[in-house]
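Student: One structure is given below, represented as C-alpha cells, and several questions about it will come after.
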Amino acid sequence: MIPFTVNIKLAARTLTGPLNSHNKPAVDWGWQGLIAQGCHSSILIIDPKTAQTIQVLERHKANVVKVKWSRENYHHSLSSPYSLRLASADAAGKIIVWDVVSGMAHCEIQEHAKPIQDLDWLWNQDASRDLLLAVHPPNYIVLWNGDTGTKLWKKSYAENILSFSFDPFDPSNLALLTSEGIVFITDFSPSKAPGSAGKKVYIASPHSSPAHSKPAAVQPTGAKKALNKVKVLITNEKPTAEAVTLNDCLQLSYLPSKRNHMLLLYPREILILDLELSQTVGVVAIERSGVPFIQVIPCAQRDVLYCLHENGCITLRVCRSTTPLKTTPNDPECTVDPEQSVQELVYDLRSQCDAIRVTKTVRPYRAVVCPVNENRAALVVSDGRIMLWELKAHNIKAPTNLSSGLSPLYSPINFCGTPLSRNQKRIPDLSLNTMIGHTLISGVDPPWPTAGQQEVQLKFLLTGLLSGLPLPPFSLRMCPPLTTKNINHYQPLLAVGTSNGSVLVYNLTSGLLHKELSVHSCEVRGIEWVSLTSFLSFATSSPNNMGLVRNELQHVDLRTGRCFAFRGERGNDEPAIEMIKVSHLKQYLVVVFRDKPLELWDVRTGTLLREMAKNFPTVTALEWSPSHNLKSLKKKQMAAREAMARQTTLSDAEQSSIESSVIRSDHIQSSPEKSISIYSYFTLFIITDDHRSLGSMGSIACIAWKGDTLVLGDVDGNLNFWDLKARLSRGIPTHRGWVKKIRFAPGKGNQKLLVMYTDGAEVWDTKEVQMVSSIRVGRNMSYRILDIDWCTSDKVVLASDDGCVRVLEMAMKSASYRMDEQDLTDPVWCPYLLLPRAALTLKAFLLLQPWSGSYTMDITVSHEDSFALNHSFSLDLTQLYLLFHLSLFGDESDLQFWTVAAHYIQSFSQARQLSVPASETQPPAEGSQSVPQGHLDICHDILCESSFFQVRKKVHISQSYVIHLRDVYGDVPLPLQTDRAVQLLLETNADNPSYYCDSLKACLVTTIPSSGPSQSTIKLVATNMIASGKLAEGVQLLCLIDKAVDACRYLQTYGEWNRAAWLAKVRLNPAEASDVLKRWAEHLCSSQVNQKSKAVLVLLSLGCFHKVGEMLHSMRYFDRAALFIEACLKYGVMELIGAAFADYARLLQSMGLREGAALWASRAGGAGEELLEELFQREATDLTPKEEEAGLGTIE
C-alpha cells in the first residue's frame, strides 16, 4: 500500500475578512488563554501563542456585538471540569452560550430585539459559576443562568445604560455608566434584584477644568492650593445642558489594582477617581498634538494602564506617586513637609508599540490583554487583522537620570515570597509582576534599589499577526481534485481572487493562508487551475468612453511565484473578457469576450490555436466535454505540438484533419417548427447569442457537463437535465431567478450538482433529478452569495458579501466544527480541549512528581517555558505550582490561592526561624517581622500585612483630610495625626455650610487627650448615634477615644464586614485584629454568604494554616489541600493532616497515576495504610510491570 499523509476529509470552516462596525467591542481574552472575536455574525476563536484560528462559531443571524469568556474562579474537579465556555450577544438581542470545543450552542437567550449593550459573567463563583449579567436596551439589567437560560431577575433604571463594571474587590458593588452619569449599586446580589435605584452621580465635563491644561510636574505648595488643584468631578446635582453635551465619557472601569478606585476615559484624558473621597486623584492628559484615546485596560498585578490610541498605537503607563521623597536613605533629617504630602497618581509613559497606517477602511477597533500574565496584548483592526504584542523587560546598564522626571523601574527581588538565588540576576518575563518590582508603584517604597534589584526598561515586541480576507467581491476556484495518482503530494488549495487584484491561496486542511500573490492591477474576475501548482486568472479594468478595457490574463506558478502575461502583448483596448474555460485534461483554454469572437489557446505551449471569425456569434455559455472521450484525439494533438516544436510545416491535408477533429459544428432539431443551431464541437459545447433558447427554456446562462449528463440553466431559473446516453431531457422550474453558475462535484460517478442563484444556492442529485439541499437569503442565512465551487466530493465552498469564505457540508448548514478534529499547522497547547479526566490527570502529573528524582515537563507537548522552569528556579513546590499555572492552565482560583499561600508560608517560616511567635492563637506582630521579601501585591488589599497596610493608608488618610475630612466614612485620625486634623478642620471657610460643625469637631479632637471623664460621655454619644442609624459618625467617635475594637464589633453587627476588616488592619494590634478577621472568616463561610474561598485567603493572611488545611479538605479540594499541607510541612509551619493525603492518593488512583497514589498514601500515616495495601495487591494480581508501564504511558 502506498504510504501517504494527506488529509482527504476536509473540515468545515470559515475564512473571515473585514469586520462590521457592530463588531467593534466584540473581543475578549479569557483565562483559558484564547481570544474570542466577533466577525459579522460569526465568532472566531484564536490561539495567541501560535496565531491560528482554531474555531469559528456560527449560529447568530445578526452581527455579534459582545463576547465574554467565562471566568475560571473556581476549583476544578471531575464534577467541575475545565471547559471552554463563551457567551456572545448580537445586534438582535440574542445571547448564546457556547461549548466552544464542540462548536455547539449550550443555550440561547432572547429578551428584546435590540442590541445588547454589555455582558459579563459574575466573578464570584463560589455559589454558582453560571450567572451572566446583561444590559438590555434601553435601561434594563437582567441576570441570567447561563447554563439553563433561565431569567433570575430583571431591574430597570431611569436612564439609558451604556455599560457596567463590577468592583473586583466586592461582588456586591456594581457601577453603571448611563447617558447622563454614573449609578452606583451597593446591594447587588445573585439571589434578588437590587432593592434601591442606586446612588446617582453626574460627571462634570473634564475639559472645563484647569487641571486639563496644567503641567504634571507642578507640586502643591499648601493645603489650600492642593484643595483648589484637585478637580471636583463627581456631584449629586444634575449638570447644566452645556455640561451634558460635553459628556463624552468613552469607558468606565474599576481599577483591579486598588480598592475603591475607578477610571473614566475621555478622548483626550483619563481620570482616576477615588470613590471614598469622591474626587479625582489622577489625570492622564494628552497634549494638543497627541493622538486621542480609544480604550484603556487597567491591570491587576501592577498599577499599570494599557492605552489604545486612534492611530493603533498601544502605550503602557505605569503609576508612580508624586509624593516628595527623601533624597538619600541615610539622611533621617530630610523629612517631608506634611503640607506638601498630598498624593496625586501620575502614570508615566514607559513603552509604546508601533502605530498602524489608518485609512478610511482601516482603523483600530479594540485591544485586549492576557488576564493571566498581563504582559501580552492583542490589537484588533477593522480590516480583520489581529496584531499580537508581547511586553519584554531589558536590563539597563546606565542608571536613569532622575532629572528627566521619570523615576527608574526595577525588577522584583523575590517571587512568591522567595528571594532570588545567588546566581540568579532576574526572574524570567513570565508575567507583569515578575518584570516590574514594587518600587514606586504603591507610592510608599523608597526610590533607591535594594540589593540585587536591576533597573529595567520595557519594550513591545510583535510576536504574531493574523490577517483576514480583503473586502469583497471574491471569485473562487478550487484546485483539481484528489486522485490516486496525486495522493502523495496533493494539497487542497483554494484560490481566492480579490477586488484589489491579488490572489490568495488557502490551504483548506489548516485554514491558513498558503500564499498571497499580487497578480493584477484591478479586480480579479475569474480563476482556472491548469495543474496542482499553477493557475490562470483574468481581470478587466474599468471601461473607457469607447467601452473598451484592458484585459489581464496571467499565468501563475505557485512553486516559484513566477507570473507572466499568458496572451503576451494582447489585452489593451479590447472588449472585456467574459470567461475562461480550461479543458478537463488541462490542455486547451477558451477565452470568451463580450463583443469579440472567442480564442482557443494551447495551455502548455502558450500559443494561440485559433481565433474565431468576426461573424461568429457571441458566446453566452460553454463547457468542455468530459476528457474520457479524447483518447484518440490526444495522439493527433501530440503530433501537432511536436511539429510546432520542430518548427516544421504540416501538409494542408494533415492540418485540416487536425482542425476538423478539434472543431465540428452540429445542428440540433429541437422542434418541427424551429431549428436551433448549437455549436457542438468535439471538445466544446457552446450556446451562442443568436440561438440561446431551447424549447421551453429561456435564455441559457450556463452549462455543466459530466459523463453522459448535460445540465443547462437559464435566466428564468429553469434547469434542464439531458441524459445523452438515453437521449432524454427533463426540465425543472426552480422559480429562483437567474441561474448564475452550475458545477458538478468531483469524483467518478458523483453526479451531485451545485447551482448558484442571485438569492442563494442549491445542491441537486442529477441521477434522481431532485434537490438535496438549499440556502436562501433571509430564510436560513443573512449574507448574499458571490461565488461557489466544490472543494471535495461532499463539501462546497461559498464566497459571501460579508467578506467570508465558508466551507460547508453538502447540506449547506452553517455549522461549527469540533476543535479536537482539526489538522492544525502548529500544535496548540490548551488543556481545556482535553476530556475532563485527561485534563485533570495531566494537571496532577505536572504539578508534583516526588516519585522521580527531578521535576520535568517533558511530556508529548513541549512548552517554551520549561527551560526557565527547570533552570531558573529551585524545586520549591509552591513556586512550581504557581509558575505552572501562570504558563499553562490559567486557573484563576488556584493562582490567587497559591500567590497568597506562598507569600505567607515563607513569611511565617522566616518569623519562626527568627524566634518570633507565630502561633495561630497569638500571631506575630507583622511589623516586627524581618521580611526581606517585601509585601504582598496591593491588589490583594485586605490580605496585605498590617504594617504595609497602615503605611499605605496613612498616605490615603492624609489626602482625605486635605480634600474632605468630614465625609470620609471610617477614615479616622491616626494617633500621630491629631494636630494635622485640627489644623485642617480650622481652615474651613466661614461661608462653608459645614463651618460650624468642623469647628466643633476641632474642639472635640483637641480636648480628648486632656479630659478623662469625656471618654465615657463620648462613648455613650457614639452608642446612641449608632443605635439611631448614624453608624459612620458613631464609629468615628469611638476611634477618637481609642475604642477601635468596639467600633469593629459595631461595624460587623451592622453588616459592614469590609469596613471592620479595614479598621482592624489600621488601628488594632495583631491579636485584636486577628479576632476581628477570624469572625469575618466565619461569616464568609456561612451559607448565606458562601464565600469560602475568600475565607481561606483571610485565614492564610493570619497564619492559620492548620485551619486552612482542614477547610480545604472539608471542601473536597483534595489536590489543593494535599499540596498545601506538603508545602507547610516543608517550611515547618504546621502538622500533618493524614486524611487529606489519603484522599488525594485515592484521587490519583482514580486517574490511573498509581505511583503517585502509592507515594501519597505512604505519607498519610495510618489513614493511608488501607489504600496502600489495596494498591500493592492490585499491582501483584492484575498487572505485569510492562503492562503498567504501558498504561502510564497512555495516560501521559
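The values are calculated or read from the model by the stated rules, or taken from the named source; none is laboratory data. These numbers come from a predicted model, not from an experiment. Note that we place each Cβ from the backbone using ideal geometry, even for glycine, and neighbour counts take in every protein chain shown. Please note that ligands, DNA and RNA were not included when accessible areas were found on the heavy atoms of the full protein model with its side chains. Shrake-Rupley method; radii C 1.70, N 1.55, O 1.52, S 1.80 Å.
Student: Pulled fully out, how much extra length does the chain show between Trp829 and Glu310, if you take 0.36 nm times their separation in residues and subtract their Cα-Cα distance?
Tutor: This chain segment gains 183.5 nm when fully extended.
Student: First check a/c for region 39-118, with a ≥ b ≥ c the square roots of the eigenvalues of its C-alpha gyration tensor; if it is under 1.5, answer rounded, and if not, answer prolate when a/b is larger than b/c or oblate otherwise.
Tutor: oblate
Student: Once neighbouring chains are kept in place and the probe is 1.4 Å, which whole percent of the accessible area of region 504-543 is contributed by carbon and sulfur?
Tutor: 44
Student: Listed highest first by mean packing, meaning other Cβ atoms within 10 Å per residue, what order do 604-616, 126-138 come in?
Tutor: Answer by packing, highest mean first, reads 126-138, 604-616.
Student: Let me ask another. Which residues among region 50-83 fall inside the zone where the amide N is under 20 Å from a point 7 Å beyond the Cα of Arg779, along Cα→Cβ?
Tutor: 59-62
Student: With labels modelled as points extended 7 Å from the Cα through the Cβ direction, what inter-label distance (nm, one decimal) is found for Arg288 paired with Glu569?
Tutor: Those two pseudo-labels are separated by 6.1 nm.
Student: For region 1-136, which whole-number percentage of the solvent-accessible area (1.4 Å probe, protein heavy atoms only) is attributable to carbon and sulfur atoms?
Tutor: It is 52 percent, rounded to a whole number.
Student: If you find the alpha carbon centre of region 39-105 and of region 464-525, how far apart are they in angstrom?
Tutor: With region 39-105 and region 464-525 each reduced to a Cα centre, they are spaced 28 Å.
Student: Restricting to Cα pairs below 8 Å that are 6+ residues apart, what does the relative contact order work out to for region 1075-1144? Please round to a whole percent.
Tutor: 21
Student: Figure the gain on full extension for Asp248 and Glu1169 (residue separation times 0.36 nm, minus the Cα-Cα span) and round it to one decimal in nm.
Tutor: Taking Asp248 through Glu1169 to full extension adds about 324.7 nm, to one decimal.
Student: Also, quick follow-up: R0 = 41 Å: FRET efficiency of Ala726 with Thr484, Cβ-based, nearest 0.05?
Tutor: 0.85
Student: Which FRET efficiency value, to the nearest 0.05, do you get for Glu516 and Thr1007 by plugging their Cβ-Cβ distance into 1/(1 + (r/R0)^6) with R0 = 51 Å?
Tutor: E between Glu516 and Thr1007, to the nearest 0.05, is 0.05.
Student: Let me ask something additional. Nearest 0.05, what FRET efficiency do Asp991 and Asp595 give at R0 = 51 Å with Cβ-Cβ as r?
Tutor: 0.05
Student: Leaving out ligands and nucleic acids, and using a 1.4 Å probe, what accessible area per residue does region 62-172 come to in Å²?
Tutor: Per-residue value: 32 Å².
Student: Something else: Length gain on complete extension for the stretch Ser502 to Asp979, per 0.36 nm per residue less the alpha carbon to alpha carbon distance?
Tutor: Full extension from Ser502 to Asp979 adds 164.1 nm.
Student: What number comes out for the charge environment of Thr359, summing +1 per Lys or Arg and -1 per Asp or Glu over other residues with Cβ under 14 Å away?
Tutor: +2
Student: Still on this structure: Between Gln913 and Thr359, what is the spin-label point distance in nm, taking each point 7 Å from the Cα along the Cα→C-beta axis?
Tutor: Result: 6.3 nm between the two label points.
Student: How much of the accessible area of region 1021-1096, in percent, comes from carbon and sulfur atoms when a 1.4 Å probe is used?
Tutor: Accessible surface attributable to carbon and sulfur in region 1021-1096 totals 49 percent.
Student: Which entries in Lys397/Lys459; Lys61/Lys740; Lys752/Lys813; Lys706/Lys748 show an alpha-carbon gap greater than 19 Å?
Tutor: As for pairs spanning more than 19 Å Cα to Cα, those are Lys61/Lys740.
Student: With a ≥ b ≥ c taken as the square roots of the eigenvalues of the C-alpha gyration tensor of region 726-857, please select rounded if a/c is under 1.5 and otherwise prolate if a/b is larger than b/c or oblate if it is not?
Tutor: It is prolate, given that a/c is not under 1.5 and a/b is the larger ratio.
Student: Let me ask something else. In nm, to one decimal, how far is the Lys1019 label point from the Arg1116 one, both placed 7 Å along Cα→Cβ?
Tutor: Using points 7 Å along Cα→Cβ, the separation is 4.9 nm.
Student: Students often get this wrong, so check it: of Lys24/Lys1094; Lys24/Lys200; Lys1019/Lys1065, which have C-alpha atoms separated by over 25 Å?
Tutor: Lys24/Lys1094; Lys24/Lys200
Student: Follow-up. Tally Lys and Arg at +1 and Asp and Glu at -1 over the other residues with C-beta under 10 Å from the C-beta of Asn780: what net charge comes out?
Tutor: Around Asn780, the charge tally is +4.
Student: Right, here's the next one. Of the listed pairs Lys151/Lys258; Lys114/Lys155; Lys68/Lys154; Lys66/Lys515; Lys596/Lys741, which have alpha-carbon separations greater than 27 Å here?
Tutor: Table pairs above 27 Å Cα-Cα are Lys151/Lys258; Lys66/Lys515.
Student: Which order do peptides 989-998, 102-111, 82-91 fall in by mean Cβ count within 10 Å, highest first?
Tutor: 82-91, 102-111, 989-998
Student: Which order do the peptides 729-741, 1151-1163 take when ranked by the mean count of other beta-carbon atoms within 10 Å per residue, highest first?
Tutor: Packing proxy ranking, top to bottom: 1151-1163, 729-741.
Student: Find the relative contact order for region 723-839 and round it to a whole percent, using C-alpha pairs within less than 8 Å whose residues are 6+ positions apart.
Tutor: RCO, region 723-839: 15 percent.
Student: Quick one: grab the alpha carbon gyration tensor of region 723-771, order the square roots of its eigenvalues as a ≥ b ≥ c, and give me rounded if a/c is under 1.5, else prolate or oblate depending on whether a/b is larger than b/c.
Tutor: Note, shape of region 723-771 comes out oblate.
Student: Residue by residue, what Karplus-based ³J(HN,Hα) values in Hz, rounded to whole numbers, does region 1115-1129 have, using 6.51, -1.76 and 1.60 with θ = phi - 60° and x for Gly and Pro?
Tutor: Using θ = phi - 60°, the values come out as 7, 6, 8, 5, 5, 5, 5, 5, 5, 5, 5, 4, 5, 5, 5 Hz.
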